[in-house]
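Read through the structure below, which is laid out as structure tokens, and then see the notes.
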Amino acid sequence: MCKRKIFSLLLLAVSTVSLAATPFTIVSGKAVRLSMPQHRLPVLESAVAMFGGDVEAVFGDTLELVADNADIDVRIDTAVVKSPQGFRLHVDDSGCLNVTGHDSHGAAYGLLEVSRLFGVSPWEWWADATPQKRASFELPAGYTDSQAPSVEYRGIFINDEDWGLMPWSSMTMEPGNLRGVIGPKTNEKIFQLLLRLRANYYWPAMHEVTEPFFLTPGNREMAARYGIYIGGSHCEPMASSTAVEWGRRGKGDYDYVNNSDSVLKFWEDRVRDVAGQEIVYTLGMRGVHDGAMNGAKTVDEQKAVLSRAIADQRELIARYVDADVTKVPQVFIPYKEVLDVYRAGLDVPDDVTLMWCDDNYGYIRHFPTPDEQARSGGNGIYYHVSYWGRPHDYLWLGTFSPYLLYQQMSEAYRHGIRKMWVLNVGDIKPAEYQTELFLDMAWDMDGVSEQGPREHLHKFLVREFGTREADRLLPVMDEHYRLAFIRKPEFLGNTRTEERDRQRWNTVSDLPWSDDYVAGRLAAYRGLSDTVEVVGREIPAGRRDEYFQLVKYPVQAAAQMNRKMLTGQLARHGKADWAASRVAYDSIVALTETYNKGIANHGKWHGMMDMRPRKLPVFNPLAPVPQCDAPSVVLTRQIDVRTLFGDSLVAHPGLGRAGYSVEIPRGAAATCSLGPAGADSVTVILSFLPNHPIVEGEGLKVAVSLDGSAPVVADYSTQGRSEEWKENVLNNRATRRFTLPCPQGRKPTLTITALTDGIILDSIEVVE
């Protein structure tokens, strides 16, 4: 037989098979049949139960568990899926959808990925994202999707829960006679959210107002059901929440210098109790509830204490959990003053993950060196999109810039931080989108990088509200985040928290903004608020609560907060009516009342939203004060950083005060024309993102020159909680002022050369 004839027969065979292949189909009115492994796998069983609820919500049908002839076959096969926690979806020729996981977590994530394909949002419960009904659903024969995590442990930290999650949970989910309880009913909903977001790691709430996680019946069992690893923050070693538990289980002072026996027993009791639980053990110690270590004053003394504590903690793990401690996940978190101890030469065992931290305002303080990247324990990150503390809280509206989050976490991943990612989400509710972006990056960094942060936000809006609405809302949310990047709503009073001079820093005062800028900012917020209102009228009834929570409340509350504070600023100088400020305050009250009462959700979130967390002065209605002089404002002319040119420059669309920043790599130069000089010198103000040095000890250095003149070198890095650092994080910029000689009438060219890594230029201003 000739080769051509053989080839024709093969084509016929392939064509016949192709024609015979059947798509995967679900039709409303018919039960969906699912087969799964017979042996008990709690996390998969939980996912199946969730999936069954999704099938009923979308199609009105039930999920039927069968041994064979399934529509969906869930299996575990390490030969098919080689990456831990990974999964593969594949429609075979019979029309069966095979959901294959490397392990039970992978199978669970894969099954809930099918729910996403149905149109079920991960926020279906937490943001009232009611799934849309469907008559049918189809995937073509041969459909295949394989996914695996970029980061091994991915999770959230419930923190500063005093004004939101704890009162809401205690009133609506866990009512009873105990003090503030975040119990198994609440945690089950949190764990379901984590499973839908493909996360597996959880730091429970730890403030004094809340009953500790392990002292609340049912919590640990619920974590086991959903395959969630329980960990603890930098001040909660060995799965022990010191803020409350030391007062109940400890004796004497929490002091490893003078009371080590009692402290060690405190840890030992907990490790013995939870040895069979999936735990990521936090090593080391600080003081009770985010305080500095007791008993050791100098860095050398603290280093000696930490070395002994870590050795003793690992001995407990070897005794009760696994003799081979390298098989047990452990993490050391150099947070705040502990970073100084680590840098002083603290020896942390190689198998222990080093978890680096941001400065609480989104700027990572340390990136691992090549030696730290090579550690067997790897590296992690603890990051904030919500924070209680100095120089000012931001707990209210979830305005943290997704573009900053994306830039910083991309940098972290590039530097080998790929073992553990934990996000401080506050109460969850104000930071829904930031939480999803963070966990999506932890799951699939390459995928998020390929689409970019703006497209990720757009897809989020499309999924939740539809394409037409998303196209209209994307510029709204972009501008909302940009304006908050310039100044968060919580920072508008120019006040501070926890300062010694309380009288000064508790008094609302002017921001150094011109009347023109204030007017433009207020106009921008009016436009956002109006658009949100118009789009809201077109949102289907079943999604209006979701729209209110994710879009309307944060945008309009931010708009009214700006109106309240900035109208008050104008009124202090006789340029506005105080009454307008009070109207804005009343609007915030009304919006918050609607959030807690709901639109159609019957008050589901009663107690969740507090418009005055910690009752800080900025949240109060403004009292009229005698007219005063306006502060002097430096008049400047903006140079668009988009006009910069030079080899190797990296654009960061969406990031920065103007919605666009430029990264200048080490050794590269960026140039631009400044326009005609009006004197014999030019004064230029350069603003950079106030990040921290990429390479420890190098600083953040630039060389600035005009027309090739001798460069002026500046370092804008900060140390600790200096006054400059406080101003930098409140304004999201670090500035340096340069006065450079230039013949009058010339159009000089400005050159900015990066002398170190980490230089991200946000704005250029020429002083008029």
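Each Lys and Arg Cβ is given +1 and each Asp and Glu Cβ -1; about its Cα centre, the chain then shows a dipole of about 980 debye. Using only Cα atoms, find the angle between the long axis of helix 184-196 and the longest principal axis of the chain, and express it within 0 to 90 degrees, rounded to the nearest 10. With both axes taken from Cα atoms, the answer is about 90 degrees.
Phi angles of the stretch 35-41 translate, via the Karplus equation with coefficients 6.51, -1.76, 1.60 and θ = phi - 60°, into HN-Hα couplings of 10, 8, x, 6, 6, 5, 10 Hz per residue; Gly and Pro are given as x. Straight-line cross-link reach from Lys429 at under 25 Å between alpha-carbon atoms covers these lysines, not counting any fewer than eight positions away in the same chain: Lys185, Lys189, Lys459, Lys488, Lys552, Lys564, Lys597, Lys604, Lys615. For the stretch 125-135, backbone phi angles converted through the Karplus equation (6.51, -1.76, 1.60; θ = phi - 60°) give residue-by-residue couplings of 9, 6, 10, 6, 7, 4, x, 7, 5, 9, 7 Hz, Gly and Pro being listed as x. From most to least packed by mean Cβ count within 10 Å, the peptides 284-291, 57-64 give 284-291, 57-64. Estimated from helices alone, the mean residue ellipticity of the chain at 222 nm is -11500 deg cm²/dmol (sum of -39500 (n - 2.57) over DSSP H runs with n ≥ 4, per residue). Taking a sphere under 12 Å around the Cβ of Phe465 and counting the other residues whose Cβ falls inside, with K and R at +1 and D and E at -1, yields a net charge of +2. About its Cα centre, the stretch 473-619 has a charge dipole of approximately 380 debye under the convention of +1 per Lys or Arg Cβ and -1 per Asp or Glu Cβ, with nothing else charged.
Overall form of the stretch 620-768: oblate. Here a/c, set by the Cα gyration tensor axes a ≥ b ≥ c, is 1.5 or more, and a/b is not larger than b/c. Ordering Met222, Met206, Met171 from the fewest to the most neighbouring beta carbons within 10 Å gives Met171, Met222, Met206. For the chain, the relative contact order works out to 10 percent when only alpha carbon pairs closer than 8 Å and six or more residues apart are counted.
Any idea what angle helix 432-443 forms with the longest principal axis of the chain, computed on alpha-carbon atoms, 0 to 90 degrees, nearest 10? It is inclined by approximately 60 degrees. Candidates Pro540, Ser449, Thr507 compared by Cα position along the dipole of the chain: farthest toward the positive end lies Pro540, with charges placed on Cβ.
Would you work out which of Ser705, Gly659, Ala669 lies farthest towards the positive end of the dipole of the stretch 647-711? Charges go on Cβ: Lys and Arg +1, Asp and Glu -1. Checked the options; the winner is Gly659. Nearest 10 degrees, 0 to 90: what angle lies between the long axis of helix 260-274 and the longest principal axis of the chain (Cα atoms)? With rounding to tens, the tilt is 40 degrees.
Each of Ser705, Ser648 was scored by other Cβ atoms within 10 Å of its Cβ. Arranged with the fewest first, they read Ser648, Ser705.
Expressed to the nearest 5 percent, the antiparallel share of DSSP beta bridges inside the stretch 18-147 is 55 percent. Taking a sphere under 9 Å around the Cβ of Gln330 and counting the other residues whose Cβ falls inside, with K and R at +1 and D and E at -1, yields a net charge of 0. Candidate cross-link partners of Lys747 among the aspartates and glutamates, defined by an alpha-carbon separation under 14 Å and a same-chain spacing of 8 or more, comprise Asp680, Asp707. Distant-in-sequence amide contacts of Arg154, defined by a placed amide H-H separation under 5 Å and a gap of 5 or more residues or a different chain, comprise Asn200, Tyr201, Trp421. Coupling constants for the stretch 361-367 follow from the phi torsions by the Karplus curve (6.51 cos²θ - 1.76 cosθ + 1.60, θ = phi - 60°), and in residue order they are 10, x, 10, 5, 7, 8, 10 Hz; glycine and proline get x. Listed by chain and number, the lysines whose alpha-carbon sits under 16 Å from that of Lys265, ignoring those within fewer than 8 places in the same chain, are Lys251. Amide H to amide H, with H built 1.01 Å from N, Val74 comes under 5 Å of Ser35, Met36, Val99, counting only residues 5 or more places away or on other chains. Beta bridges assigned by DSSP with both partners in the stretch 356-505 are antiparallel in approximately 20 percent of cases.
Among DSSP bridges having both ends in the chain, what percentage is antiparallel? Round to the nearest 5. Among the beta bridges of the chain, antiparallel pairing accounts for roughly 60 percent.
Would you please classify the overall shape of the stretch 151-258 from the alpha carbon gyration tensor, given that a ≥ b ≥ c denote the square roots of the eigenvalues, rounded means a/c under 1.5, and beyond that prolate means a/b larger than b/c while oblate covers the rest? Because a/c hits 1.5 or more and a/b fails to exceed b/c, the stretch 151-258 counts as oblate.
Here, each number is a calculation from the coordinates, and none is a lab measurement. Since we're looking at a predicted model, the values are computed, not measured. When we count neighbours, we look across all protein chains shown, and the Cβ atoms used for this are built from the backbone with ideal geometry, even at glycine.
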